[in-house]
Amino acid sequence: MSRHRLVRNLVEDDYYDDDYDDYDEDDYDDYDDTYAPPPKKAPAPKSTPAKQVVAKNFATKNPIPGKVQSTASVGVTKAPPGWGKPTTASPPNAAQKSPPKAASAASSGGVVKPPPGWGAPSLSSPPTTNNHTIEGNLPTATFPKSSSTICRSTTQKSNQGSAASSMSLYTPRPVPDFLRNTKSQLSMVILGHVDAGKSTLMGQVLVATGQVSKRDAAKQGSLAYLLDENESERERGVTMEIGTKTLRVPSHDIVILDAPGHHDFIPVMITGAANADVAILVVAAVTGEFEAGFTGGGQTKEHILLARGLGVTQIIVAVNKLDVEGWSEDRYYQIQKEVQDFLLKQQFKPKRIKFVPISGLTGENIMERKDTDLKSWYKGPTLLEAVDSFMPANRSIEKPPRFIVSDVYAEGRGVVTRGRVVQGYFEVGDRLVVLPVGDPVTVSRLEHLQAPSDDTDDPKRQSIGVAGDTIELVFNDIDIMRLSVGNILSLPNATPPLTNKAKARVIIMDKLTVPIIRGAQVIFHMHSLDVPAVMTKLIATLNGDGSVKKERPRAITSGVNAVVELTLSDKIVMESYSDCRSLGRFVLRRGGDTIAIGIIDETL
């Protein structure tokens, strides 16, 4: 079965399509079904005359009509009849219809039991309050009785597996008009095999666009050091971490994510691709180097597969080091044909693929074209012109806000979290929740990694981070030890599911050597997280059109589309792909190799 037929089922919902699914949201709350006995009352002095006091409901702190108890006895009073969890047939006012008799001090010798109705709520019992407590140390959020949007996530139908699950209400915040007309914000990941010249090329781009002066670049000793700032990277001569820089072109404000190309750092590359909208694939044109990276077991093809599976739909192929081949037109078109054929099989659309011949070392055809040999046959755009021609990404501004933390550090008395807004928007003063720990925080300051260059005079734009922006949120009311890379920030009344089970569609890589069986152990990669997981169920294999080919297969082999159930070792924040794309894409790896890419259909 061909690869392009397999990928079609996974990427059927294109990132840049105009039609978006309506947002359905649910929480991940659990009611505590266990009972914690109330504290015993201190014994009253024997000389104190008996008096009647009204017993109180432990849950609501309101007096219960008709219920009295004696305080003249030593010890605590035995609970009235009706103790225990309520039945589904019991009306909420059962305690008032048949008030229990007062318990005497002489016959009592146990603990005070709560009145009828105490315990976990039943499905038939209406709630007595609109307060809704979220799992962890989250603040109690009060939801309005009526809302224009009732977010009942279909992915949470069986998330709790009991009557304790509840429905979360979320009213979308009004979006300021100036946020709908902001300049395009794009995150661009740099892909390619090791030693293809990615960091050097991006150094030339920064110098050509004036982001870094030539004098400062000369002090570094190498253009690659502008992005490879870690001493270990400079000593080894390879990129090991994601290098982040900013770039401005007429149509876009761009954040550059320079990903490592070495096989050992594929997990780091996955983090960069998961946060990217577009990509530049750098391939070396030198005879032998291209073949080693593309067909000889290099990382070029794997980078393309991972980027497409993680949401990248626009790509520029920079044919680097073509000056070593004498700006050979034949060599250029040979590379273009091989790479383009592979890109088309991964469902990249032809109009979103561009090829540009360049020299990262000399800077030829990055901003301008000077070499006469190249000018004699190449009439296409320069690299920066191709970058400027990227299509803007559609953003889900109306959906509940989501922020993925990619870095945490202390600054003065505050804690700074750097990351990307994947949907919705954030502003100074927002009360948020840190997931999965559940701590409440308040945004005291918001800073952009690159100040927006929008054509707006509204000063609020600088204090608002909208979907697509890379920003820093500063908090003064949380300890830095409670924050970590991979945390998700959201509104308290619009929290995503926190679970360790999911039903997902996966595409198995062609190079899979050992078939996947039920119980297979894998590493689950999502944005900045990697969590051990188990294939608990092989639900079905699929045909190229998405129809079921075989239910409950015994094994899944290479090149197969399948529906599986995954169980992670820890609970993490994840959503169905239709609710939040950034929290619905993942990669599975085993033994240092990528074995599958997938999207979440349903959280369990």
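The values are calculated or read from the model by the stated rules, or taken from the named source; none is laboratory data. Bear in mind that the values here come from a model prediction, so they are computed numbers and not experimental data. Methodologically, a virtual Cβ is constructed for each residue, glycine included, from the backbone with ideal geometry; neighbour enumeration extends over all protein chains shown. The accessibility values were calculated without ligands, DNA or RNA, using every heavy atom of the protein model including side chains. Shrake-Rupley method; radii C 1.70, N 1.55, O 1.52, S 1.80 Å.
Data table
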item	result
Mean-position separation - Cα centroids, the range 536-604 and the range 196-245, in angstrom	37
P(r) tail fraction, the range 456-604 - alpha-carbon pairs more than 27 Å apart, %	33
Per-residue HN-Hα couplings for the range 289-295 [Karplus 6.51, -1.76, 1.60; θ = phi - 60°; Hz; x = Gly/Pro]	6, 5, 5, 5, x, 9, 10
Loop-located chymotrypsin sites (Phe, Trp or Tyr not before Pro) in the range 347-377, at most 14 other Cβ atoms within 10 Å (DSSP)	TRP377
Cβ-based charge dipole, the range 382-434, positive-most Cα from SER406, VAL434, MET391	VAL434
Antiparallel DSSP beta bridges within the range 273-420, as percent of all bridges there, nearest 5	40
Angstrom value of the Kirkwood radius, inverse mean 1/r, which spans all Cα pairs in the range 299-400	15.0
Antiparallel %, DSSP beta bridges [both residues in the range 186-333], to 5	30
Hz values of 3J(HN,Hα) by residue in the range 260-270 - Karplus curve (6.51, -1.76, 1.60), Gly and Pro given as x	x, x, 6, 4, 5, 10, 4, x, 5, 4, 4
Amide H contacts of SER576 (H built 1.01 Å from N, under 5 Å, at least 5 apart or other chain)	THR603
Peptide ranges 201-211, 548-558, 251-261 listed from the most packed, as the mean C-beta count within 10 angstrom indicates	251-261, 201-211, 548-558
Rounded if a/c under 1.5, otherwise prolate or oblate - the range 226-377, Cα gyration tensor axes	rounded
Cα-based Rg / Dmax (Å) for the range 376-434	18.8, 60
GluC sites (Glu not before Pro) lying in DSSP loop within the range 198-244, provided at most 13 other Cβ fall within 10 Å	GLU229
Cross-link table LYS321/LYS370; LYS337/LYS375; LYS501/LYS571; LYS501/LYS537; LYS501/LYS549, entries beyond 18 Å C-alpha to C-alpha	LYS337/LYS375; LYS501/LYS549
Exposure of LYS379 as accessible area (Å², to 10), given a probe of 1.4 Å and all protein chains	150
